[in-house]
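Participant: Have a look at this one before I ask anything.
The values are calculated or read from the model by the stated rules, or taken from the named source; none is laboratory data. Small disclaimer: the values here were computed from a predicted structure and weren't measured. Glycine gets a Cβ as well: all are built from the backbone with ideal geometry, and neighbour counts include every protein chain shown. Please note that ligands, DNA and RNA were not included when accessible areas were found on the heavy atoms of the full protein model with its side chains. Shrake-Rupley method; radii C 1.70, N 1.55, O 1.52, S 1.80 Å.
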Amino acid sequence: MNQLSDRINNLSTSATLAMAAKTRELKAEGKDIIGLSLGEPDFNIPDFVKQAAIKAINDNYNSYSPVDGYVELKDAIITKFKRDNGLDYSRSQIVVSTGAKQSLFNIASVMLNDGDEVILPCPYWVSYADIVKLNGGVPVEVKTDISNDFKMTADQLEAAITPKTKMLWYSSPCNPSGSVYSKKELRAIADVLQKYPNIYVASDEIYEHINFIGGHHSMAQFEDMYDRTITVNGVSKAFAMTGWRIGYIGAPDWIAKACNKMQGQVTSGANCIAQRAVIAALEANPSEIQYMIDEFKERRQLILGLLDGIEGFKTNEPEGAFYVFPNVSAYFGKTIKGKTINNATDMSMFLLEEALVATVTGEAFGNPDCIRISYAASKEEITEALKRIKEALS
Ligand code: PMP
Ligand code: GLU
């Protein structure tokens, strides 16, 4: 008999992490899988960050840190927000957590009452909907597609607002579409929100540096949005520090205070060594990581060129992050190698089994017509993977 709570029974498994686990399992069985499922930079972390961690160990950083993070790290985050985003935050507005994922969970848990609606422009990052649901909220999906570059318009936002709307959550650059909202587009969204002063925004900016068109814009830069925006960020993507598990927010005081209280009952402060290393990462000039961004840019060109040669895959040109999100619906209803492909999940499974390439179904991101392919992999892997995909489908 299933004795588990309704809460866990109703929770979906993270599709990105499930695909990563499946890839590991198949590789361990000796299968030659190319993993393009996980959004994980494949670079080593910069040496000066490693040195800061080693120094922290030698300096005996062993104890619990303050729940919301070391003061020195908060100061580095304040400097970063000012330097990179033109945002002014004070120490009491910063909460360091065990990854941006936890920051988002904190936000949902301190902001949502049962039945509160959270608007999620689709496609959205895989965990948004479940984090919202886990905290009693109701995700409200706003559909977008390639024709509008997978971006929600101000009109679409307005149409989705109800008296129950509490928040808007979005990422820019977007995981999984790579779309980047321009200042003008964000302003149009902010203009709608001016009419609804009780709606708050979680602006997930974890890919801010992985932007190929330049010009990252934060919602909190608009003076009239500053008091209702929570800016979410972390070091997993820009500094390739996925396993170090450090994220952070800049938020209105009362929200930061609530997140601190929540975290104090759940995890306490984030890992002390990782926090010391992140001080070095954030104090550095962003030019230190430009080599990763240049490499992602080349890989984007490579994968877009290769996708062009695959019949039936329709792709937008991502402006940031390290994913492509092709629409594969031209294959729906077709049977290839005895396998019928009826949706994006079937396509993703087909590619895993027949091309030995791991991707993620768009269904997990609220778009059942697309699959997500991560190009956080070497050029050789990308080239070989796309060759296999082409062969399997032809
Ligand atoms: N937001 C987005 C859009 C992401 O892609 C990720 C990647 N995991 C996260 C949040 C969570 O990042 P972290 O590793 O800091 O928990
Ligand atoms: N954000 C990454 C992704 O979308 C990492 C996986 C995860 O945290 O779910 O693949």
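Participant: Kindly sort Trp125, Trp254, Trp169 by accessible area of their heavy atoms, largest first, with the probe set to 1.4 Å.
Facilitator: Trp254, Trp125, Trp169
Participant: Turning to a different aspect of this structure: Heavy atoms only, probe 1.4 Å: what % of the accessible area of region 3-102 goes to carbon and sulfur, would you let me know?
Facilitator: The value for region 3-102 is 51 percent carbon and sulfur by accessible area.
Participant: I would also like to ask the following. Using the Karplus curve 6.51 cos²θ - 1.76 cosθ + 1.60 with θ = phi - 60°, work out ³J(HN,Hα) for each residue of region 43-50 in order, rounded to whole Hz, and write x for Gly and Pro.
Facilitator: After applying 6.51 cos²θ - 1.76 cosθ + 1.60, I find 9, 6, 6, x, 4, 5, 6, 4 Hz.
Participant: Next question, about the same structure. Going 7 Å from the Cα of Lys257 along its beta-carbon direction, which residues of region 51-94 have the amide nitrogen within less than 18 Å of the resulting point?
Facilitator: Within reach of a label on Lys257: 67-69, 89-94.
Participant: Pairs of alpha-carbon atoms within less than 8 angstrom and 6+ residues apart define the contacts here; what relative contact order does region 142-258 have, in percent?
Facilitator: Reported relative contact order: 20 percent.
Participant: Here is a further query. Glu158 label point, 7 Å along Cα→Cβ, cut-off 18 Å on backbone N: hits in region 185-227?
Facilitator: Residues passing the 18 Å test: 185-199.
Participant: Report the Rg/Rh value for region 245-394, based on alpha-carbon coordinates and the Kirkwood definition of Rh. Intermediate results must be reported in sequence, preceding the final value.
Facilitator: Numbers: Rg = 20.3 Å, Rh = 18.3 Å.
The Rg/Rh ratio comes out at 1.11.
Participant: On a 0 to 90 degree scale, rounded to 10, what angle separates helix 253-266 from the longest Cα axis of the chain?
Facilitator: Approximately 70 degrees, to the nearest 10.
Participant: If you count only protein heavy atoms and use a 1.4 Å probe, how large is the accessible surface of Asp191, to the nearest 10 Å²?
Facilitator: Spelled out: Asp191, probe radius 1.4 Å, area about 80 Å².
Participant: Residue by residue through region 293-298, which ³J(HN,Hα) values in whole Hz follow from phi under the Karplus form 6.51 cos²θ - 1.76 cosθ + 1.60 (θ = phi - 60°), with glycine and proline marked x?
Facilitator: Calculated HN-Hα couplings, in order: 5, 4, 5, 4, 5, 5 Hz.
Participant: Also, quick follow-up: Taking the Cα atoms only, what angle lies between the long axis of helix 71-85 and the longest principal axis of the chain, rounded to 10 degrees?
Facilitator: 60 degrees
Participant: Computing the accessible area with a 1.4 Å probe over protein heavy atoms, can you report the carbon and sulfur percentage for region 115-205?
Facilitator: 55 percent
Participant: Residues with amide H under 5 Å of Gly35's amide H, sequence separation 5 or more or different chain, H placed in the peptide plane at 1.01 Å from N; which?
Facilitator: Here the answer is Ala358, since their amide H atoms fall under 5 Å of that of Gly35.
Participant: Search the structure for amide H atoms under 5 Å from the amide H of Ala202, placed 1.01 Å from N in the peptide plane, and list their residues when 5 or more places away or on another chain.
Facilitator: HN-HN under 5 Å from Ala202: Leu168, Trp169, Tyr170, Ile230.
Participant: Please give the per residue accessible area of the chain, computed with a probe of 1.4 Å over protein heavy atoms only, in Å². Write out the running numbers ahead of the final one.
Facilitator: Numbers: 16540 Å² over 394 residues.
Computed with neighbouring chains in place, this is 42 Å² per residue.
Participant: How much net charge surrounds Ala330 when only the other residues with a Cβ under 10 Å from the Cβ of Ala330 are counted, with Lys and Arg +1 and Asp and Glu -1?
Facilitator: My count for the surroundings of Ala330 gives 0.
Participant: Restricting attention to region 278-360, which trypsin sites (Lys or Arg not before Pro) occupy a DSSP loop and are surrounded by at most 13 other Cβ atoms within 10 Å?
Facilitator: Values: sites: Lys297, Arg299, Arg300, Lys314, Lys334, Lys337, Lys339; in loops: Lys337.
Passing both the DSSP loop test and the Cβ count: Lys337.
Participant: While we're looking at this one, here's another question. Compute the length gained on full extension between Ala392 and Asp308: take 0.36 nm times their separation in residues and subtract their Cα-Cα distance, giving the result in nm to one decimal.
Facilitator: 28.7 nm
Participant: Can you compute 3J(HN,Hα) from phi for each residue in region 17-22, using the Karplus curve 6.51 cos²θ - 1.76 cosθ + 1.60 with θ = phi - 60°, rounded to whole Hz and x for Gly and Pro?
Facilitator: 6, 5, 5, 5, 5, 5
Participant: Now a separate question. Roll a 1.4 angstrom probe over the protein heavy atoms and tell me the percent of accessible area of region 276-394 that is carbon or sulfur.
Facilitator: 46 percent
Participant: Straight distance only, please: which lysines reach the Cα of Lys261 with their own Cα at less than 18 Å, same-chain residues fewer than 8 apart left out?
Facilitator: Lys74, Lys101
Participant: Still on this structure, please answer the following. Between helix 272-283 and the chain, what is the angle of the helix's C-alpha long axis to the longest principal axis, kept within 0 to 90° and rounded to the nearest 10?
Facilitator: Its long axis makes an angle of about 90 degrees.
Participant: How far apart, in nanometres, would the label points at Lys143 and Asp224 be if each is projected 7 angstrom from Cα along the Cα-to-Cβ direction?
Facilitator: 3.1 nm
Participant: What are the residues whose amide H is under 5 Å from the amide H of Val138, where those residues sit 5 or more places off or on another chain and H is modelled from the backbone?
Facilitator: Correct list: Gly115, Asp116, Glu117, Val118.
Participant: Find the relative contact order for region 246-394 and round it to a whole percent, using C-alpha pairs within less than 8 Å whose residues are 6+ positions apart.
Facilitator: Values: 160 pairs, mean separation 27.9, N = 149.
Relative contact order for region 246-394 comes out at 19 percent.
Participant: Only Cα pairs within less than 10 Å get springs; with that Gaussian network setup on the chain, which residue of Gln290, Gln102, Gln263 has the largest fluctuation?
Facilitator: Gln290
Participant: Taking only C-alpha pairs under 8 Å that are 6+ residues apart, what is the relative contact order of the chain in percent? Please report the intermediate quantities before stating the final value.
Facilitator: Details: 757 pairs, mean separation 90.1, N = 394.
Relative contact order, the chain: 23 percent.
Participant: Based on DSSP H runs of at least 4 residues, each adding -39500 (n - 2.57), what is the mean residue ellipticity at 222 nm of the chain after dividing by all its residues, to the nearest 500 deg cm²/dmol?
Facilitator: Values: 13 runs with 154 residues, N = 394.
That comes out to -12000 deg cm²/dmol.
Participant: In the neighborhood of Ile54, defined by Cβ-to-Cβ distances under 11 Å, what is the net charge if each Lys or Arg adds +1 and each Asp or Glu adds -1?
Facilitator: +1
Participant: Among Gly309, Gly362, Gly234, which one shows the highest mean-square fluctuation when the chain is modelled as a Gaussian network with alpha-carbon springs under 10 Å?
Facilitator: For the chain, modelled as a Gaussian network with Cα springs under 10 Å, the answer is Gly309.
Participant: Using label points projected 7 Å from each Cα along Cα→Cβ, tell me how many nm separate Arg83 and Ser182, to one decimal.
Facilitator: 2.9 nm
Participant: For a bin width of 20 Å, list the pair-distance distribution of the chain built from all Cα-Cα distances, rounded to whole %.
Facilitator: Pair shares across the bins are 28, 58, 14, 0.
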